[in-house]
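Engineer: Following this message is one structure expressed as C-alpha cells.
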Amino acid sequence: LGPGRPRTRPVAVLGDKAYSSRAIRTELRSRRVRAVIPQPSDQIAHRKRRGSAGGRPPAFDAATYKGRNVIERSFNDHKQWRGLATRYDKLAVVYRGGVVLRAITIWLRE
C-alpha cells in the first residue's frame, strides 16, 4: 500500500545437492520458502549414523524437482553462444542485450 510493486516471495526454491546445507535450509525456512533440494548421500549417512539424534530427513518433493531440468536445459541453450558463455562484455546492458538476442534466436528456431 504505497508506491512501487508489492513484495513477493517464491513458493519453493529448486536446487541441486550442492545447496543442501543446514544454513541454506534454515534461511529458506525463516523466509517461509519451501526448499526442494535433494540430500547428498554423505549427509544421509551422517544423519543415520547419529541415530535418533540425527533428526528426521528434510522434506523433498520429487515431482517438483523433476521440473528443474527444463531450466537447466534453457541455460545450456543460451550458453551455446560464446559471447554469453565467456561474459566478455563490460557493461551489463550489453550482456543483457545478448541474452535477449539469444532468446529471440532460440524462439525463432522453434
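Engineer: What residue, among those in the range 65-74 that are over 11 Å from ARG102 (Cβ atoms) and part of a helix (DSSP H, G or I), is most open to solvent (accessible area, probe 1.4 Å)? First the steps, then the outcome.
Structural biologist: So in the range 65-74, the residues over 11 Å from ARG102 (Cβ atoms) come out as 65-73.
Next cut, part of a helix (DSSP H, G or I) only: 65, 68-73.
On the way: TYR65: 58, ARG68: 45, ASN69: 76, VAL70: 84, ILE71: 90, GLU72: 76, ARG73: 141 Å².
Step by step, filter the range 65-74, then rank; the result is ARG73.
Engineer: Sticking with this one: May I ask you to say which residue of ARG9, ARG49, ARG34 is among the basic types (Lys, Arg), over 16 Å from the mean Cα position of the chain (by Cα) and more than 23 Å from THR105 (Cα to Cα)? Lay out the reasoning, then the answer.
Structural biologist: Numbers: ARG9 fails: over 16 Å from the mean Cα position of the chain (by Cα); ARG34 fails: over 16 Å from the mean Cα position of the chain (by Cα).
Exactly one of ARG9, ARG49, ARG34 is among the basic types (Lys, Arg), over 16 Å from the mean Cα position of the chain (by Cα) and more than 23 Å from THR105 (Cα to Cα), namely ARG49.
Engineer: If I filter the range 33-44 for residues that are part of a helix (DSSP H, G or I) and either polar (S, T, N, Q) or modelled with pLDDT under 90 (or both), do I get at least one hit? Before the answer, list the steps.
Structural biologist: In the first step, residues of the range 33-44 are kept if they are part of a helix (DSSP H, G or I); the result is 41-44.
Among the residues that remain, those that are also either polar (S, T, N, Q) or modelled with pLDDT under 90 (or both) are: 41, 43.
Within the range 33-44 (the criterion being part of a helix (DSSP H, G or I) and either polar (S, T, N, Q) or modelled with pLDDT under 90 (or both)), the answer is yes, since at least one residue qualifies.
Engineer: Suppose we filter ARG22, ARG47, ARG34 for residues that are of a type outside the set (Val, Ile, Thr), surrounded by 10 or more Cβ atoms within 10 Å (Cβ to Cβ), outside the structural domain of ALA103 (by the TED database) and closer than 30 Å to ARG7 by Cα; which single one remains? Step through it out loud before you land on a result.
Structural biologist: Working: ARG22 fails: surrounded by 10 or more Cβ atoms within 10 Å (Cβ to Cβ); ARG47 fails: closer than 30 Å to ARG7 by Cα.
Result of the check over ARG22, ARG47, ARG34: ARG34.
Engineer: May I pose another question? Let me spell it out: the conditions are (1) loosely packed, with under 11 Cβ neighbours inside 10 Å; (2) over 30 Å from THR105 (Cα atoms); (3) among the polar types (S, T, N, Q), and THR86 meets all of them except one. Which number is the exception?
Structural biologist: Result: THR86 fails condition (2) only.
Engineer: Of all residues in the range 53-64, which are touching a Leu at 6+ places or on another chain (Cβ under 9 Å) and assigned to a loop (DSSP other than H, G, I, E, B)?
Structural biologist: Pass one, the range 53-64, residues touching a Leu at 6+ places or on another chain (Cβ under 9 Å): 64.
Result: no residue meets the conditions.
Rundown of residues vs (1) of a type in the set (A, V, I, L, M); (2) under 21 Å from the mean Cα position of the chain (by Cα), yes/no style:
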| residue | (1), (2) |
| --- | --- |
| ILE24 | yes, yes |
| LEU28 | yes, yes |
| GLN39 | no, yes |
| ARG56 | no, no |
| ALA62 | yes, yes |
| ARG68 | no, yes |
| VAL94 | yes, no |
| ILE104 | yes, no |
| LEU108 | yes, no |
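Engineer: Which pairs turn up if I take residues in the range 67-80 that are within 15 Å of ASP16 (Cα to Cα) and look for partners that are of a type in the set (D, E, K, R) and at pLDDT 85 or above with beta carbon separation below 8 Å, at least 6 apart in sequence or on another chain?
Structural biologist: Hits for this filter: ARG68/ASP16.
The values are calculated or read from the model by the stated rules, or taken from the named source; none is laboratory data. Here the structure is a predicted model, which is why all the values come from computation and not from measurement. Cβ coordinates were reconstructed from backbone atoms using ideal geometry, including for glycine residues, and neighbour counts include every protein chain displayed. Please note that ligands, DNA and RNA were not included when accessible areas were found on the heavy atoms of the full protein model with its side chains. Shrake-Rupley method; radii C 1.70, N 1.55, O 1.52, S 1.80 Å.
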